[in-house]
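Note sheet for the following structure.
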Amino acid sequence: MTDKLLRVEELYTRFDTDRGTVHAVDGASFTVDRGEIVGVLGESGSGKSVTARSICRLEEPGKIGNGTIMFDGTDLTTASKSTLRQIRGNEISMVFQDPTETLNPVFPVGEQIAEAVRIHEANSRQRLLDFLGVPLFRDQSAWADARDRAVELMDQMDIPNPESRLSAFPHEFSGGLRQRAVLAIALASDPKLLIADEPTTALDTTTQADILQRLRSLRDERDVGILLISHDLGVVAQTCDRVVVLYGGQVMEAGPVNEVLTAPEHPYTRMLLECSVRNSTPGERVQSVSGTPSDPIGSYEACPFADRCRHATTACRERYIPTTELDSEHRLACLEAPLPADDASAHRQDALTPDGGKQDDST
Amino acid sequence: MNNQYLLKRLVTMGIVLFGVSLLTYVMIFVTPGDPARTILTQQMGGQTPSQEAVEQFRVSEGLDDPFTVQYVRWMSDVLQGDLGYSYYSDQPVTDAIAQRLPNTITLAVASGIVAIAISVPAGIASAVNPGSRIDYTAQFGALVGVSMPNFWLGYLLIIVCSLWLDVFPVAGVGGLEHLVLPAVTLGSGMAAIISRLVRTAMLDVLDAAYIRTARSKGLREQIVIYKHALQNALVPVVTIIGLQLSYVLNGAVVVEVVFQRPGLGTLLVDAIFARDYPIVQGVTLLIGVIFVLTNFAVDLTYNQLDPRIDLGGELM
């Protein structure tokens, strides 16, 4: 148990706003191991992205209040800035949502990849004038090597004509190419953990499938642990080994994808599944979730989902909900579980198999 | 960038400069006061010139021709590099300008350097620590800088630095020591405006996703700010610096008078008081040309700073 690559325990991240404190992450715990893809599933505002950023310690302007983030033996919540900087990008890489926004528009793509390469060179201090490219201060040969490596990385990511694209700017790339370039940056250092925050949301379906395939091969070939943040059930089902369902910054349900997404025990997970367009039979009206996630001002002393839950009782609104373990892998936070099977009807059962995914539906 | 764009810009610039020259000429033309009478009075040492002499002067200087004739004559001379002669000294206007221009350019460049050297670091420091003591200090300084009139700051600096501390000369031109006080006077006002703009632009940029990417790569914060953020924030800043040139030229008039620097500003002021129209026209036209050219240069840097800005001229 102790050798998990990433172990997030009882993590609290809050934002102090004028209207009060927003508890974006409210005691979330989960783990990611080498060579596995863990999905973090939830609606907008459920705390997914803040969780991802907290792990990289890029949570500002939020503050981590409590909890530990153990990464490969280092507690990131207490690590020094220089340790963090070395881990960031070196051992943990991030891929963010919109590749249009995540690449710097004023520098060539090749330079941005080469930069990532140079950052991770052993025993090289990052000198400002060198990185600014001031003549005489720029280490020409090191940058030439880094550019060669960038071409290699672009080639690995199947970016066509990498040499000629080295000097192209992000706006000259298509969305899919940009996200591949972002992946190239993330992989420049051979990271142990990759945090992908909605990496495919801004992409069309074909490109999405391509990027997800790349994530899977990273897991299989390089033994990278991947934390995949998504609001898309299909993406999670296709790609992930385990899934953590987040709501109001709390873990509602967590477990292997084929258990959680085929036989969900938590009413919130069930509701998400019902809403999935892919899970509806043709002609059937797609369900929508009533209400919106409550604004988590003030920490929950109750189930955050209670107000939208059709099984909620007074007890759900009155006290802290303990986590119960169904088995060693599958856990959930619900007082009413196990739920009656009323809303998991037969046609949803089989439709739960994600399109194009590898899981079979015999379960 | 391409030739078509350049051509388009050159044509537009030609039209703008034509407008500038026309306005300059009209303004002088409609200004009350009869130059012939004024000049003759001066030449005769205060005596009222005879009507005959005035008429004669008008004919010889072409002052009785219709406006269009006078304008076309002036313009065709200008295009040949002849801005006419000063009414008083008979010195060619081009010579008078050539004598003074270097001093003004030196002042403009020096005050620009002062302004950028103060404002960019101050603006960045503010933006990186918004709401901090540094931020408030910088913003307060900017407010003071904007509110302080040039002539007042100029005299204040003369009193403190020249008279009390005796570090810099009071006035005149010469070496670097003569340049420091005028450049600080002129530059600090500019710095105030630029630093506020740098702050706003940087605050905007520091929130961008690509800054998060840069940090997540493990880049040093200094490089994140001075490389990844600053270049994105520069487009509006460079625009303002370009526009501030008009401020420098306006300010130069005041600052050159305060510090007794012979420059375009003092030349213009003296010429206006003396109704020396050829000089006024020449200087105004030159300032217009400088202004238009600077803005052109600023536009050309956009594409260098941000490759997404297409300078147009043809369809992509």
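Quick note: the coordinates plus some simple rules give every number you see, no bench work behind them. Every value quoted in this text rests on a predicted model; they were computed, and no experiment measured them. Glycine gets a Cβ as well: all are built from the backbone with ideal geometry, and neighbour counts include every protein chain shown.
Count charges around B:Val54 for me, please; just the other residues with Cβ under 10 Å from its Cβ, Lys/Arg as +1, Asp/Glu as -1. Neighbourhood net charge equals -1. Arranged from fewest to most other beta-carbon atoms within 10 Å of their beta carbon, A:Cys316, B:Cys161, A:Cys240 become B:Cys161, A:Cys316, A:Cys240. Distances between placed amide hydrogens fall under 5 Å for A:Val95 paired with A:Ile195, A:Ala196, A:Asp197, all partners being 5 or more residues away or on another chain.
For chain A, the dipole from Cβ point charges (+1 on Lys and Arg, -1 on Asp and Glu) about the Cα centre works out to 800 debye, to the nearest 20.
Hydrodynamic analysis of the range B:3-93 uses the Kirkwood radius over alpha carbon pairs. Inserted into Stokes-Einstein at 4 °C and 1.567 mPa s, it gives a translational diffusion coefficient of 84 µm²/s. Normalised by residue count, the range B:94-305 yields a Cα convex hull volume of 132 Å³ per residue. For chain A, the longest principal axis of the Cα atoms and the long axis of helix A:205-222 meet at an angle of about 80 degrees.
Of interest is the spacing of the C-alpha centroids, which for the range B:73-100 and the range A:1-27 amounts to 75 Å.
Across peptide B:231-238, the average count of Cβ atoms from other chains found within 10 Å of a residue's Cβ is 1. Sequence-distant contacts, meaning Cα pairs under 8 Å at least 6 residues apart, place the relative contact order of chain A at 21 percent. Legend: mean number of C-beta atoms from other chains within 10 angstrom of residue C-beta atoms, peptide A:90-103, equals 3. Sites counted here are chymotrypsin sites (Phe, Trp or Tyr not before Pro) in a DSSP loop (not H, G, I, E or B) having no more than 15 other Cβ atoms within 10 Å; the longest part of chain A that contains none of them is A:138-319. For the range B:31-40, backbone phi angles converted through the Karplus equation (6.51, -1.76, 1.60; θ = phi - 60°) give residue-by-residue couplings of 5, x, x, 9, x, 4, 5, 4, 5, 5 Hz, Gly and Pro being listed as x.
Placing dummy labels 7 Å off each Cα toward the beta-carbon, the span from B:Asn129 to B:Thr301 is 2.8 nm.
Placing dummy labels 7 Å off each Cα toward the beta-carbon, the span from B:Val59 to B:Asp310 is 6.4 nm.
Remark: the range A:125-268 is approximated by an ellipsoid whose semi-axes, taken from the C-alpha gyration tensor as √(5λ), come to 36, 17, 14 Å, largest first. Averaging the sequence gap over all C-alpha pairs within less than 8 Å and six or more residues apart, then dividing by the number of residues, gives chain B a relative contact order of 25 percent. With 25 Å as the limit on Cα-Cα distance, the pairs of A:Lys48/A:Lys192; A:Lys48/B:Lys217; A:Lys192/B:Lys227 that go past it are A:Lys192/B:Lys227.
On the basis of the beta-carbon distance and an R0 of 41 Å, A:Thr21 and B:Val269 show a calculated FRET efficiency of 0.10.
Each Cα pair under 8 Å and six or more residues apart adds its separation to the average, and for the range B:152-304 the resulting relative contact order is 23 percent. In peptide A:104-110, what is the residue-averaged number of other protein chain Cβ atoms found within 10 Å of each Cβ? Partner-chain Cβ atoms within 10 Å, mean over residues of A:104-110: 6. Translational diffusion of the protein assembly as shown, estimated by Stokes-Einstein from the Kirkwood radius over alpha carbon pairs at 25 °C in a medium of 0.890 mPa s, is 81 µm² per second.
Distance between the modelled labels on B:Thr94 and A:Glu301, one decimal in nanometres: 8.8 nm (7 Å Cα→Cβ projection).
Taken one residue at a time, the phi angles of the range B:142-156 give Karplus couplings (6.51, -1.76, 1.60, θ = phi - 60°) of 5, 5, 4, x, 5, 6, 7, x, 4, 5, 5, 4, x, 5, 4 Hz. Gly and Pro are set to x. Among DSSP bridges having both ends in chain A, what percentage is antiparallel? Round to the nearest 5. The antiparallel fraction comes to roughly 60 percent. Between amide H atoms placed 1.01 Å from N, distances below 5 Å from A:Val40 occur with A:Leu228, A:Ile229, A:Ser230, A:Val244, all of them 5 or more places distant or on a separate chain. Can you give the log10 of the normalised intensity I(q)/I(0) at q = 0.16, 0.18, 0.22 Å⁻¹, computed with Debye over equal Cα scatterers of the range A:104-189? Relative scattering, expressed as log10 I(q)/I(0), comes to -0.57, -0.71, -1.02.
As a proxy for reagent exposure, ranking B:Thr137, B:Thr68, B:Thr24 by other Cβ atoms within 10 Å from fewest up yields B:Thr68, B:Thr137, B:Thr24. Across q = 0.10, 0.14 Å⁻¹, chain A modelled as identical point scatterers on its alpha-carbon atoms has Debye log10 I(q)/I(0) values of -0.65, -1.19, in the order of the q list. Note that the range A:35-106 shows a convex hull volume over its alpha carbon atoms of 145 Å³ per residue. Any chance you could give the angle, 0 to 90 degrees and rounded to 10, that helix B:277-305 forms with the longest Cα principal axis of chain B? Helix B:277-305 and the main axis of chain B meet at about 20 degrees. Relative to the longest principal axis of the Cα atoms of chain A, the long axis of helix A:109-119 lies at roughly 90 degrees. Ordering B:Val128, B:Val114, B:Val160 from the fewest to the most neighbouring beta carbons within 10 Å gives B:Val160, B:Val128, B:Val114. Rounded to the nearest 500, the helix-only mean residue ellipticity at 222 nm of chain A stands at -9000 deg cm²/dmol, with each DSSP H run of n ≥ 4 adding -39,500 (n - 2.57).
Of all DSSP bridge pairs formed entirely within the protein assembly as shown, close to 60 percent run antiparallel.
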